[in-house]
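One structure is given below, encoded as structure tokens.
The values are calculated or read from the model by the stated rules, or taken from the named source; none is laboratory data. This structure is a prediction, so every number in the text was calculated from the model and none was measured. Counting neighbours? That spans all protein chains shown, and the Cβs are built from the backbone with ideal geometry, glycine included. Accessible surface areas use protein heavy atoms only, side chains included; no ligands, DNA or RNA. Shrake-Rupley method; radii C 1.70, N 1.55, O 1.52, S 1.80 Å.
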Amino acid sequence: MKNAIILPNPKPHNQKINVVPLSSRPPQSRDEVCFFVSNFFARNFTQDLDERFLEKVTQTSFLASGSRWQIHAQKYLDYSLANEKLSDIKADCKRISKITALDFFGKITQKQMNTLLEQVGEPVWFAALPPTHISNVLFVLGKLFHYNVNKNAKRKLVKFAEGVLPSVAHFAMFSRFYAQTAYFKAIGEYLYDFCDLVKNALELKVEL
């Protein structure tokens, strides 16, 4: 496939994270980092990207993990922001929308997702999109990180992450090859890197 690359295994994440997310105030904790970054990724697949949003991307260092996934992603992103038109990125977003419902990959069903959402007590944010849509999944994951202030909240976060992370990682791996723009190849790489971060941060036993 054009511009496809096979990535080597990354270095494991450090628990210390240096990041400047889409906010005027840098986050103060790992959970804040995951909240902001989850919301950023969620926004990328809702088909309402605009010039202002892409300007914010240029001010974002994402997660300074130093992993090989991130290094590849940054190269794609630098190329995209210098060469690609917003119209091409939006057209690619529409194309990728064919695979944004995570039940497409067979690792989770609509019924299982609805059960998970009931168990953690969180509604979907994008009502016009299915519960398994990547944007809804990432938005809920971000909210659970935001509310991770006690043992009960941590239990909900871990349960939800265990249920959805394999599907999110599968989507990320698939989308980086399926995408036609360097922008969405970069987002796929960054998203897989983020899944690896969440898995290690929460000490999950799931396979990505």
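Restricting VAL168, VAL149, VAL158 to those that are among the β-branched types (Val, Ile, Thr), modelled with pLDDT of 90 or more and within 18 Å of PHE36 (Cβ to Cβ) reduces the list to VAL168. All conditions but one from (1) of a type outside the set (Val, Ile, Thr); (2) open to solvent by less than 30 Å² (accessible area, probe 1.4 Å); (3) out of contact with any strand residue (DSSP E or B) (no Cβ under 6 Å at 6 or more places or on another chain) apply to LEU208; the one that does not is (2). Looking at region 184-192, can you tell me whether even one residue there is out of contact with any Gly (no Cβ under 8 Å at 6 or more places or on another chain), within 25 Å of GLU84 (Cβ to Cβ), open to solvent by 50 Å² or more (accessible area, probe 1.4 Å) and in contact (Cβ under 8 Å) with a residue 24 or more places away in the chain? Looking for residues that are out of contact with any Gly (no Cβ under 8 Å at 6 or more places or on another chain), within 25 Å of GLU84 (Cβ to Cβ), open to solvent by 50 Å² or more (accessible area, probe 1.4 Å) and in contact (Cβ under 8 Å) with a residue 24 or more places away in the chain, one finds none in region 184-192, hence no. Pairs linking a residue in region 102-118 that is open to solvent by less than 60 Å² (accessible area, probe 1.4 Å) to a residue that is aromatic (Phe, Trp, Tyr) and part of a helix (DSSP H, G or I), with Cβ atoms under 9 Å and 6 or more positions apart or on different chains, are LEU102/PHE171; PHE105/PHE171; PHE105/PHE174; LEU116/PHE160; LEU117/PHE160.
It is to be established whether one or more residues within region 147-161 are in contact with a strand residue (DSSP E or B) (Cβ under 8 Å, 6 or more places away or on another chain), among the polar types (S, T, N, Q) and touching a residue at least 40 places away in the same chain (Cβ under 8 Å). No, region 147-161 contains no residue that is in contact with a strand residue (DSSP E or B) (Cβ under 8 Å, 6 or more places away or on another chain), among the polar types (S, T, N, Q) and touching a residue at least 40 places away in the same chain (Cβ under 8 Å).
Condition (residue is within 24 Å of TRP69 (Cβ to Cβ), of a type in the set (Asp, Glu) and assigned to a loop (DSSP other than H, G, I, E, B)) applied to region 154-164: is it met by at least one residue? The answer is no; no qualifying residue exists.
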